[in-house]
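The values are calculated or read from the model by the stated rules, or taken from the named source; none is laboratory data. Quick caveat, the model's predicted, so the values are computed rather than measured. Cβ placement follows ideal geometry from the backbone for every residue including glycine, while neighbour counts extend to all protein chains displayed.
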Amino acid sequence: MAAARYIEPKKATSLFNEIVANLTKLGVSVLGSRVLTVVGRKSGEPRSVPVNLLTVGGVRYLVAPRGETQWVRNLRVAGEGTLRVGRRVEAFTFRELGDDEKPGILRAYLKRWKFEVGVFFDGVDAKASDEKLREIAPGYPIFEIFTK
């Protein structure tokens, strides 16, 4: 079995994430940003990170462009989390998408945020074929979000 795909954030990314998280906590959503909080699978402590909340056809998704990140692993174990913008905190559960369900969501995600996350897609963009998007799908966890 191949190792899970994960791209560790660089220092500049951590600084950018901190700025976006702080703005989002103040109520300024940066192109759909939310602060995701999930209980840590090892520590049991709440862990927070900024994420891009994608809406397609009225359905909301979280996409992990870096792959099997800590928030992805924590979310799978916790089974629930919260999304915050300003004072508005929304509890949610989720369903993780299968690889065959991902191409349309990946395409929509890339259309919206390629300028920010394109570097994590190795040259694949929103114009890629469904076949190409299906080929890369296993490296990009996607969660359909349901409000609790």
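A quick yes/no check of all residues on (1) closer than 26 Å to ASN22 by Cβ; (2) in contact with a helix residue (DSSP H, G or I) (Cβ under 8 Å, 6 or more places away or on another chain); (3) among the β-branched types (Val, Ile, Thr):
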site: LYS42; (1), (2), (3): yes, no, no
site: GLY81; (1), (2), (3): yes, yes, no
site: VAL89; (1), (2), (3): yes, no, yes
site: GLY98; (1), (2), (3): no, no, no
site: PHE120; (1), (2), (3): yes, no, no
site: VAL124; (1), (2), (3): no, yes, yes
site: PRO141; (1), (2), (3): yes, yes, no
(request) Please go through the stretch 90-110 and pick out each residue that is of a type outside the set (D, E, K, R) and touching a residue at least 24 places away in the same chain (Cβ under 8 Å). (result) ALA91, PHE92, THR93, PHE94, LEU97, PRO103, GLY104, ILE105, LEU106, ALA108, TYR109
(request) Would you mind listing the strands (runs of 3 or more DSSP E) fully within the stretch 32-148 where at least 3 residues are β-branched (Val, Ile, Thr)? (result) 33-39, 46-56, 142-147
(message) Every residue in the stretch 1-31 that is in a helix (DSSP H, G or I) and among the basic types (Lys, Arg), please.
(response) LYS11, LYS25
(request) Look at VAL89 and say whether it is in contact with a Pro (Cβ under 8 Å, 6 or more places away or on another chain) and surrounded by 12 or more Cβ atoms within 10 Å (Cβ to Cβ). (result) no
(message) So, GLY67, is that one in contact with a helix residue (DSSP H, G or I) (Cβ under 6 Å, 6 or more places away or on another chain) and at positive phi or not?
(response) yes
(request) Consider ARG84 carefully, then state whether it is among the charged types (D, E, K, R), in contact with a Lys or Arg (Cβ under 7 Å, 6 or more places away or on another chain) and crowded, with 18+ Cβ neighbours inside 10 Å. (result) yes
(request) Sort through GLY58, GLY67 and tell me the only one that's surrounded by 13 or more Cβ atoms within 10 Å (Cβ to Cβ) and modelled with pLDDT of 95 or more. (result) GLY67
(message) So THR37 ticks every box in (1) within 13 Å of the chain's Cα centre (by Cα); (2) closer than 20 Å to PRO103 by Cα but one. Which box is left unticked?
(response) (2)
(request) Determine whether SER48 is of a type in the set (S, T, N, Q), out of contact with any Gly (no Cβ under 7 Å at 6 or more places or on another chain) and more than 26 Å from LEU23 (Cα to Cα). (result) no
